[in-house]
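Undergrad: Pasting in a structure now, in structure tokens, and then I'll have a few things to ask.
The values are calculated or read from the model by the stated rules, or taken from the named source; none is laboratory data. All of these numbers come straight from a predicted model, not from anything done at the bench. Here the Cβ positions follow ideal geometry from the backbone for every residue, glycine too, while neighbour counts run over all protein chains shown.
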Amino acid sequence: MTIGIRSRGRLFATWLLASSFGAASVAFAASAPAPQDPGPVAPEGFRFERLEDAIKIEPGVRIEVLNLFGDVRARYGGRDDVLGLLSIAQQFADEGPEVEVVHRQDGDTLRIEVGVREREGAALHTVPEPGQRKRADLVLFVPDGRALGVRTGDGLVQLRGLRSDATARSASGDMQVRSIRGSLDLASDSGDLVVILESLGLDAEQRFAVGSGELQLHLREDGDYAVEARARGRIRTEYSLEVGPTGRDGARTARAVLGDGTTPVRIDAGVGLLRLLRKPSAEVARMAPEDDA
């Protein structure tokens, strides 16, 4: 087994130890267990590499992440002009070129991409080859006010505590989103989407779309929302909806105004279950990340 660990910039050990992703990584890279408990053994030739980076990012710069090799998690990173980036790459030594995580400035956009190169100096291929076992998972610590865009293949998208707008697209990955102070635009073709939505008190539009997956949207019970939904599957709700007739395409429209209706919510649900739920405000507050208080 080959394990390589390189670190650049500041450390993010606190979050790493607190998350299931980090716990698994720490356990895997930790010192040898006691003889009576050999623990999991990595396959021969397995390569593991952890990179940490701190990237200067000016105000007004948007962050765009392309990772078709694994998951993307994003957390609030504070008020400094620094983006924290943690990546954990895994692959077998006989699988050819190593998976890379690169970042570059492209005008007013900071692009972070995961891919492989056929040889040194060649272009980065960001689409995995069929059957390959290479993987790279990313954790970003996003500074205040920097808009974030994420794209994955079958990897999870998890956003928590951001103080900026965020968009995310995935082919089949699930999405878990909560405590975002900004507009959201999220879509997954066949993954599930779970969102706990803040009541922003602003005209910040929230858009959610799924194809065949389930969409579960939790709204604060003291929030102000104007909900417009279009769904071809079943709808379950904990508040009153005005539901229209079924159209030729099999879709129904549903509307509701909660509170003052300040925050517009647009939903496009496919054939999966659409669940519209009310979340007690005190519970939402307890779920907020500590650094988002």
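Undergrad: Before we move on, is P143 under 19 Å from F46 (Cα atoms) and surrounded by 15 or more Cβ atoms within 10 Å (Cβ to Cβ)?
TA: Against the criterion (under 19 Å from F46 (Cα atoms) and surrounded by 15 or more Cβ atoms within 10 Å (Cβ to Cβ)), P143 does not qualify.
Undergrad: Next question, about the same structure. Within the range 72-100, can you find the residues that are in contact with a Ser or Thr (Cβ under 8 Å, 6 or more places away or on another chain) and either surrounded by fewer than 22 Cβ atoms within 10 Å (Cβ to Cβ) or of a type in the set (S, T, N, Q) (or both)?
TA: A93
Undergrad: What about L215, is it hydrophobic (A, V, I, L, M, F, W, C) and either outside the structural domain of V257 (by TED's automatic domain parsing) or within 15 Å of A256 (Cα to Cα) (or both)?
TA: No: the conditions fail for L215.
Undergrad: Tally the residues that are farther than 18 Å from V82 by Cα and assigned to a loop (DSSP other than H, G, I, E, B), restricting the search to the range 115-167.
TA: Residues in the range 115-167 being farther than 18 Å from V82 by Cα and assigned to a loop (DSSP other than H, G, I, E, B): 21 in total.
Undergrad: Now for a different question. Looking at the range 184-252, what strands (runs of 3 or more DSSP E) fall wholly within it and have at least 2 residues that are modelled with pLDDT of 90 or more and more than 19 Å from G173 (Cβ to Cβ)?
TA: 215-220, 225-231, 235-237
Undergrad: What are the residues in the range 120-154 that are among the acidic types (D, E) and in contact (Cβ under 8 Å) with a residue 60 or more places away in the chain, if any?
TA: From the range 120-154, those among the acidic types (D, E) are 120, 129, 137, 144, 154; that's our starting set.
Of everything in the range 120-154, those that are among the acidic types (D, E) and in contact (Cβ under 8 Å) with a residue 60 or more places away in the chain turn out to be D137, D144.
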